[in-house]
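K.L.:
Encoded as structure tokens, here's the structure I'll be asking about.
No lab work stands behind these numbers, since they all come straight from the coordinates. Note that the structure is predicted; figures quoted are calculated from it, not measured. No Cβ is skipped: glycine too gets one built from the backbone with ideal geometry, and neighbour counts run over all protein chains shown.
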Amino acid sequence: MEGAMRRVSISDFRKCEGAFAEAAQLSPDLSPFCSGPVWQWAAHDSLHEGKETAEHFIYEADGNWIAFVEWDDYGLWFPFEGAWMFACPLVGDPHRCIELLETAVRENPAMQKGFCIGGVLDGGELHRAFREKREEFLSYREVPMSEAMIIELGAGSDAWLSRRSRKFRRTLRQATEVEGIEIVDLREEKVEDLFERMLGIQEKTYKWSEGTDIFQSGNYERFYLDIMRRLSKSGDLRFLVARQGEEDIAYIFGGTLGKTYRGFQMSYAESARDLGVGNRLQWENLVRCEQEGVERYDLGMHADYKERWIDRRDDYLAIVVAFP
């Protein structure tokens, strides 16, 4: 390593959110938001049982980070977020991070040496760097895990819209022309009140009535509430509601990190299905984000409707390695 390497305790790591967020934004190929502190810490604190007894393996050198957690006796170190594997535990320069991991493993010969590295862009620089070293590992495996549906806003929302089909543009125009719909920005509202308001809309959806809604799981409800609190505190929360008269009928919920927007949830009441309010909210949110300097608008995991919106799909792997 070029600079001094240091092991970081979990308590000290919580104090390094700014530096870690900066590294996530500068890392090539990573999902910036999901590899940053808000997503990773919310997952660590909300989605896993036994965090009080978990072991952590965190090192930093020259602004490059490795951050792993061992929850149970799996024989593997995992990213802080292992539910979808959007988060990468190697944040910084890809080659320097792998070198940091190798050095840290050598300094701890008695510990288990299996690692699951999520959030690796298929074909990206980190992926290529690992493949160059695959013969050096005791075992090496790649597992397709997740995908990110990306809108590119670097040239602006008008340029993005010009890349859409005529049919899509007509559908979007019709959605914005529906009368009696008001779009309200609620990012400044008290978090607990906002979350309850969001659940009030969620309970009107078909997924809720079927019992398949993600918010019907206690862990995921805690996860998104934690994210909302963190984003509200930092000023990076983005939350719009569509209202018809005195009723909330739809919402879109996401957050920003630098020039990246990451969407989390968007839902509408079943009674509003024919109003095109989902398209209207997404477009309104996209335009507002672009005006605030967002260049990467991440819609999250694949869904059929997102195909019409995106410029590209990024596929992410988990790489599972064992050191000799």
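K.L.:
State the extension gain, in nm to one decimal, for the chain segment bounded by Glu125 and Glu292, taking 0.36 nm per residue of separation less the distance between their alpha-carbons.
P.N.:
57.2 nm
K.L.:
Another question about this same structure. Among rounded, prolate and oblate, which fits region 195-284 when a ≥ b ≥ c are the square roots of the eigenvalues of its C-alpha gyration tensor, a/c under 1.5 means rounded, and a/b larger than b/c means prolate?
P.N.:
Here region 195-284 falls in the oblate category.
K.L.:
Separate question: Based on the Cβ-Cβ distance of Leu161 and Glu247, what FRET efficiency does E = 1/(1 + (r/R0)^6) give at R0 = 41 Å, to the nearest 0.05?
P.N.:
Given R0 = 41 Å and the Cβ-Cβ separation, E is 0.90.
K.L.:
Rounded if a/c is under 1.5, else prolate if a/b is larger than b/c, else oblate: which is the chain, with a ≥ b ≥ c the root eigenvalues of its Cα gyration tensor?
P.N.:
Verdict is prolate for the chain.
K.L.:
Then there is this: Full extension from Asp315 to Glu107: what is 0.36 nm times the residue separation minus their Cα-Cα distance, to one decimal in nm?
P.N.:
Fully extending the segment from Asp315 to Glu107 adds 71.6 nm.
K.L.:
Same structure, new question: For Arg6 and Asp193, FRET efficiency with R0 = 35 Å and r from the beta-carbon atoms, rounded to 0.05?
P.N.:
Approximately 0.25, to the nearest 0.05.
K.L.:
Continuing with the same structure: Around Pro144, under 13 Å between beta carbons, what's the net of Lys plus Arg minus Asp minus Glu among the other residues?
P.N.:
So the environment of Pro144 carries a net charge of -3.
K.L.:
Another question, then. List, in order, the whole-Hz ³J(HN,Hα) value for each residue of region 219-227 obtained from phi through the Karplus relation with A = 6.51, B = -1.76, C = 1.60 and θ = phi - 60°; use x for Gly and Pro.
P.N.:
Result, rounded to whole Hz: 4, 6, 4, 5, 4, 6, 5, 4, 4.
K.L.:
Let me ask something else about it. Please give me, ordered by residue number, the GluC sites (Glu not before Pro) of region 19-90 that lie in loop per DSSP and have at most 12 other Cβ atoms within 10 Å.
P.N.:
Counting only loop positions with at most 12 other Cβ atoms within 10 Å, the GluC sites (Glu not before Pro) in region 19-90 are Glu49, Glu52.
K.L.:
Could you work out the relative contact order of region 219-324? I mean the mean sequence separation of Cα pairs under 8 Å and 6+ apart, divided by the number of residues, in percent.
P.N.:
The normalised contact order for region 219-324 reaches 19 percent.
K.L.:
Roughly what angle does helix 94-106 make with the longest principal axis of the chain, taking Cα atoms, 0 to 90 degrees, to the nearest 10?
P.N.:
50 degrees
K.L.:
With N set to the number of residues, divide the alpha-carbon radius of gyration of region 150-306 by 2.2 N^0.38 Å and report two decimals.
P.N.:
Against the empirical 2.2 N^0.38 Å value, I get 1.02 for region 150-306.
K.L.:
Okay, next question. Provide the net charge surrounding Arg288, with neighbours chosen by a C-beta distance below 13 Å and charges set as Lys +1, Arg +1, Asp -1, Glu -1.
P.N.:
After counting each charged neighbour, the total is -1.
K.L.:
Mind sorting Cys289, Cys34 by how few other Cβ atoms lie within 10 Å of their own Cβ, fewest first?
P.N.:
Exposure proxy ranking, most exposed first: Cys289, Cys34.
K.L.:
Calculate one ³J(HN,Hα) per residue across region 272-282 by plugging θ = phi - 60° into the Karplus curve 6.51 cos²θ - 1.76 cosθ + 1.60, and present them in order as whole Hz with x for glycine and proline.
P.N.:
Calculated HN-Hα couplings, in order: 9, 4, 8, 8, x, 6, x, 4, 5, 5, 4 Hz.
K.L.:
Round to a whole angstrom and tell me the spacing of the C-alpha centers of region 151-223 and region 44-102.
P.N.:
31 Å
K.L.:
Moving on to the next point. So for region 103-256, averaging the separation of alpha carbon pairs under 8 Å that are six or more residues apart and normalising by length, what relative contact order in percent results?
P.N.:
Averaging sequence separation for qualifying contacts and normalising by length gives 19 percent for region 103-256.
K.L.:
With an 8 Å cut-off on Cα pairs and a minimum separation of 6 or more residues, tell me the relative contact order of the chain in percent.
P.N.:
Once normalised by length, the contact order is 24 percent.
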